[in-house]
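The values are calculated or read from the model by the stated rules, or taken from the named source; none is laboratory data. Given the structure is predicted, the values throughout are model-derived calculations rather than measurements. Using ideal geometry, Cβ is built from the backbone for each residue, glycine included, and neighbour counts are taken over all protein chains shown. Heavy atoms of the whole protein, side chains included, go into the accessibility calculation; ligands, DNA and RNA do not. Shrake-Rupley method; radii C 1.70, N 1.55, O 1.52, S 1.80 Å.
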Amino acid sequence: MPLPMGLARFNRRFSNLIIRPFAARLPWFAVIHHTGRVSGERYSTPVMAWKQGSVILVALTYGSDLDWLKNARKSDSMMTVRARTHTVGAPRPLSTADGMRRVPAVVRLGLNALDVEEFVEFPIR
């Protein structure tokens, strides 16, 4: 079961404002830059992510019913990982087993404790 959506709303309003400037440089984090499906506005959302060759793996700590993920499915987005920005294509879902296998062991422990089961990967263009 993903983290509660109330926490996601709190993070979107408050915590993301604090972490967004640093997330693109921190290990295990990235910032996805996406365009709103309805509003057309540009957004930047911090996510747990790992660049792995020609893809970027993202752990969906709040599940898959997320505005930023819906936006990324509709059009190409940009993702900044370790201070490098990449154009990425539409996200592809991964199985829980594949996603867990591909994250660092110490992160896997935390994700298991939080019951995170959903992952996506973004192809780098």
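A few remarks follow.
- Extension reserve of the Trp28-Gln52 stretch, reckoned as 0.36 nm per residue once the Cα distance is removed: 7.5 nm
- Summarising the amide proton neighbourhood of Glu118: residues at separation of 5 or more, or on other chains, whose placed amide H is nearer than 5 Å comprise Leu60.
- Amide N proximity, segment 66-94 versus Arg102 label position 7 Å along Cα-to-Cβ, cut-off under 14 Å: 89-94
- Packing rank of 28-35, 103-110, 51-58, 74-81, where each peptide gets the mean count of other beta carbons within 10 Å, highest leading: 28-35, 74-81, 51-58, 103-110
- Put a dot 7 Å past the Cα of Ser75, heading toward its Cβ, do the same for Thr87, and the two dots end up 1.4 nm apart.
- Segment 58-125 - percent relative contact order, Cα under 8 Å, separation 6 or more: 46
- Computed in the context of the full set of protein chains, the accessible area of segment 65-122 at 1.4 Å probe radius has 51% of its extent on carbon or sulfur.
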